[in-house]
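Asker: I have a structure here, written as structure tokens, and I will follow up with some questions on it.
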Amino acid sequence: MKPYEATIHEAHELLKTRQISSVELTRSVLERIEAVESLVHAFMTLTPELALEQARKADERRASGEDNPLLGIPMALKDVLSTKGVRTTCSSKMLENFVPIYDAFVAERLKDQGAVLVGKTNMDEFAMGSSTENSAYFTTLNPWDLTRVPGGSSGGSAAAVAADQAIFALGSDTGGSIRQPASLCGVVGMKPTYGAVSRFGLVAFASSLDQIGPFTKDVTDCALVMNAITGHDQRDSTSLDFPVPDYTKALIPDLKGIRVGIPREYFAQGIEPETEKLVRAAIDKLRELGAELGEVSLPHTDYGLPAYYLIAPAECSANLARYDGVKYGYSAPDAESMWDGYFKTRERGFGPEVTRRIMLGTYALSSGYYDAYYLKAQKVRTLIKRDFDEAFEKFDLLVAPTSPDVAFKVGERTDDPLAMYASDVCTIPVNLAGIPGISLPCGFAHDLPVGVQLIGKPLGEEMLLRGAYAYEQATDWLRRKPNLL
């Protein structure tokens with residue numbers, strides 16, 4: 001095994017037993033990036049000098065007797081997370097040269113743990129998209145097939161982990177932006193409960209939906225990262241104050257007595273037959289592991305997509321009003337007046353998808369339409385949450401496809417926004433309800449990864465991890481790697 005191929009727990013064992021230093025591990029990852037980045041295009045910004053400096057400090061901390069699972073582990077952050085002194089662009093021309101003066105909460109936590117930052121990953125501009133084709137700079141490609149997308153909006157983070165360009169990475173999930181690219185790239189991706197991980201320092205898209213979470217090479221690593229980034233933060237008014245468990249204690253390789261519900265609406269028209277076949281085979285495996293299976297109805301699932309595309313653009317319209325060419329970010333240099341500067345800044349700084357969503361959201365919030373659109377969507381959101389609440393009275397977990405199909409070709413859906421939006425049909429209801437979900441590989445269709453999604457109760461991450469770990473241990477999908485070189 002090459003050092004860059006290691007999981008967090010494998011690398012930690014090598015570091016702890018002095019078989020390798022953090023500097024050597026980091027150099028291995030940086031060399032891997034140099035070898036494959038021209039193929040994958042996962043990174044917006046690389047930080048090799050910073051990474052080696054942090055690796056040296058990690059080695060010094062370990063030499064002094066300190067030890068934790070993330071100390072000296074190379075990782076990547078989605079470019080929507082503020083990093084002090086490191087460019088944070090959101091893959092937008094609007095923030096092309098923006099360098100934050102503070103770290104996001106999760107960046108602070110990982111820095112405290114001694115994790116090593118190798119770079120910031122490419123994404124759909126301001127996290128709006130399902131393919132990473134909406135980046136203002138370039139499209140990240142899927143390591144399993146370089147003619148296809150990695151998913152989005154956290155496609156750079158998913159591709160970096162799948163291609164062994166980082167041991168782990170963080171992304172953000174507003175309507176599926178961690179779980180969907182995790183499925184398409186064949187890695188583990190978790191969206192925690194809304195509020196379980198502080199959003200301080202996350203550049204906002206839709207504040208009532210955004211959540212930060214990990215991409216990892218296996219479920220054990222996911223638990224280790226969750227241990228590091230979960231917790232209360234007074235700087236985030238939506239941050240939950242609750243006793244954070246040790247998520248690794250939930251990693252039990254059986255599901256005896258665990259009740260798993262199968263939502264019939266998630267297997268409706270639109271799911272690719274090969275995808276459905278693999279997800280149903282995963283469900284059979286859960287039964288073999290001791291789970292008690294039963295069908296359940298989530299009757300308002302079909303309304304999730306339209307409700308989301310009213311609520312998220314409305315919040316986007318409000319959040320992105322701050323980019324006015326005055327305080328920070330891009331400012332049109334040839335403006336003749338304040339209003340001319342405002343219009344030119346936003347016209348040149350925002351790409352077409354961001355512009356589309358701002359317009360949708362502004363319309364939904366406008367006088368005479370607020371009640372008909374935004375308010376009604378919020379009422380539908382309540383019904384969707386109620387569906388989940390009722391389902392969890394009978395079941396401990398729900399299981400469904402993560403994405404309705406495998407990774408699609410670059411350019412295949414760029415002229416059809418509705419087809420692109422449908423990529424998140426299986427993930428959006430989870431965000432609307434604020435509950436946790438995890439995607440992990442369950443097979444390959446057309447030689448491309450397929451993900452199965454487990455959905456849990458609010459703050460039910462331990463049960464999610466238990467279900468995911470048991471399935472992972474009984475299969476070998478996560479051991480397969482894309483052949484890039």
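Asker: Compute the Cα gyration tensor for segment 382-485, then decide on rounded, prolate or oblate, letting a ≥ b ≥ c be the square roots of its eigenvalues: rounded whenever a/c is under 1.5, prolate when a/b is larger than b/c in the other cases, and oblate in all that remain.
Answerer: oblate
Asker: For segment 59-205, what does the relative contact order come out to in percent, with C-alpha contacts under 8 Å and a separation of six or more?
Answerer: Worked out over segment 59-205, it gives 24 percent.
Asker: Additional query: Could you give the size of the charge dipole of segment 38-136 about its Cα centre, using +1 on the Cβ of each K and R and -1 on the Cβ of each D and E, expressed in debye and rounded to the nearest 20?
Answerer: 80 debye
Asker: As I understand it, the dipole of the chain uses +1 on the Cβ of Lys and Arg and -1 on the Cβ of Asp and Glu, about the Cα centre. Which of Ala377, Thr414, Pro245 lies farthest toward its positive end?
Answerer: In the chain, that residue is Pro245.
Asker: Classify segment 23-65 as rounded, prolate or oblate, taking a ≥ b ≥ c as the square roots of the eigenvalues of its Cα gyration tensor: rounded when a/c is under 1.5, otherwise prolate if a/b is larger than b/c and oblate if not.
Answerer: Prolate, because a/c is 1.5 or more and a/b exceeds b/c.
Asker: Evaluate the charge dipole of the chain about its Cα centre and quote only its size in Debye, nearest 20, assuming +1 on the Cβ of each Lys and Arg and -1 on the Cβ of each Asp and Glu.
Answerer: About 360 debye.
Asker: Per residue of segment 20-26, in order, report the coupling 6.51 cos²θ - 1.76 cosθ + 1.60 (Karplus, θ = phi - 60°) as ³J(HN,Hα) in whole Hz, putting x for Gly and Pro.
Answerer: Once rounded to whole Hz, the list reads 8, 9, 5, 4, 5, 5, 5.
Asker: What residues have an amide H closer than 5 Å to that of Leu117, excluding those fewer than 5 places away on the same chain, when H is modeled at 1.01 Å from N in the peptide plane?
Answerer: When sequence neighbours closer than 5 places are left aside, the close amide H contacts are Met75.
Asker: Okay, next question. Evaluate the relative contact order of the chain (contact order divided by residue number), counting alpha-carbon pairs under 8 angstrom at least 6 apart; express in whole percent.
Answerer: That works out to 18 percent.
Asker: Next question. Divide the volume of the convex hull of the Cα atoms of segment 84-206 by its number of residues and quote the answer in cubic angstrom per residue.
Answerer: 101 Å³
Asker: Which order do the peptides 263-270, 168-175 take when ranked by the mean count of other beta-carbon atoms within 10 Å per residue, highest first?
Answerer: Peptide ranking by packing, descending: 168-175, 263-270.
Asker: Calculate, for Arg61 and Ser297, the FRET efficiency according to 1/(1 + (r/R0)^6) with r their C-beta to C-beta distance and R0 56 Å; round to the nearest 0.05.
Answerer: 0.60
Asker: Pick out, from Pro306, Val279, Thr83, the residue whose Cα sits farthest towards the positive end of the charge dipole of the chain, with +1 on the Cβ of Lys and Arg and -1 on the Cβ of Asp and Glu.
Answerer: Thr83
Asker: While we're here: For segment 83-145 and segment 1-69, what is the centre-to-centre distance using only Cα atoms, to the nearest Å?
Answerer: 19 Å
Asker: Now, a different point. Among 376-388, 442-454, 23-35, 290-302, what's the highest-first ranking by average C-beta atoms within 10 angstrom per residue?
Answerer: 442-454, 23-35, 376-388, 290-302
Asker: Considering only DSSP beta bridges with both partners in the chain, what is the antiparallel share in %, to the nearest 5?
Answerer: The antiparallel fraction comes to roughly 65 percent.
Asker: Could you work out the relative contact order of segment 165-271, using alpha carbon pairs under 8 angstrom and six or more residues apart, expressed as a whole percent?
Answerer: This gives 25 percent for segment 165-271.
Asker: Still on this structure, I have one more. Could you count how many Lys pairs in segment 236-331 have their Cα atoms under 27 Å apart, skipping same-chain pairs fewer than 8 positions apart?
Answerer: So the count works out to 4.
Asker: Could you work out the local net charge near Ile33, counting Lys and Arg as +1, Asp and Glu as -1, over the other residues with Cβ closer than 12 Å to its Cβ?
Answerer: Taking every Cβ under 12 Å from that of Ile33, the sum is -2.
Asker: OK, next. Which whole-Hz ³J(HN,Hα) couplings does segment 345-358 yield from phi under the Karplus relation 6.51 cos²θ - 1.76 cosθ + 1.60, θ = phi - 60°, glycine and proline marked x?
Answerer: Once θ is set to phi - 60°, the couplings for segment 345-358 become 4, 6, 5, 8, x, 9, x, x, 5, 4, 4, 4, 6, 4 Hz.
Asker: Report, by chain and number, residues whose modeled amide H sits under 5 Å from the one on Cys442, excluding near sequence neighbours (fewer than 5 apart, same chain).
Answerer: For Cys442, whose amide H was placed from the backbone, the distant partners under 5 Å are Val450, Gly451, Val452.
Asker: May I pose another question? Near the amide H of His232, under 5 Å away, which other amide H atoms are found, from residues 5 or more places off or on another chain, if H is placed in the peptide plane?
Answerer: Phe242
Asker: About the Cα centre, and with charges only on the beta carbon of Lys, Arg (+1) and Asp, Glu (-1), how big is the dipole of segment 317-372? Nearest 20 debye, please.
Answerer: Dipole about the Cα centre, nearest 20: 200 debye.
Asker: Next up: Would you calculate, for the chain, the mean residue ellipticity at 222 nm contributed by helices, counting each DSSP H stretch of 4 or more residues as -39,500 (n - 2.57) and dividing by all residues, to the nearest 500?
Answerer: Here the helix-only value at 222 nm equals -11500 deg cm²/dmol.
Asker: Among 137-148, 343-354, how do they line up from the highest to the lowest mean number of other beta-carbon atoms within 10 Å?
Answerer: 137-148, 343-354
Asker: Give the total of Lys-Lys pairs in segment 73-170 with Cα-Cα distances below 15 Å; include a pair only if its members are 8 or more places apart or on different chains.
Answerer: Close lysine pairs under the 15 Å cut-off: 4.
Every number in this text was worked out from the coordinates using simple rules, so none of it is lab data. Model, not experiment: these values are computed from the prediction. Please note: Cβ atoms are built from the backbone with ideal geometry, for glycine as well, and neighbour counts cover all protein chains shown.
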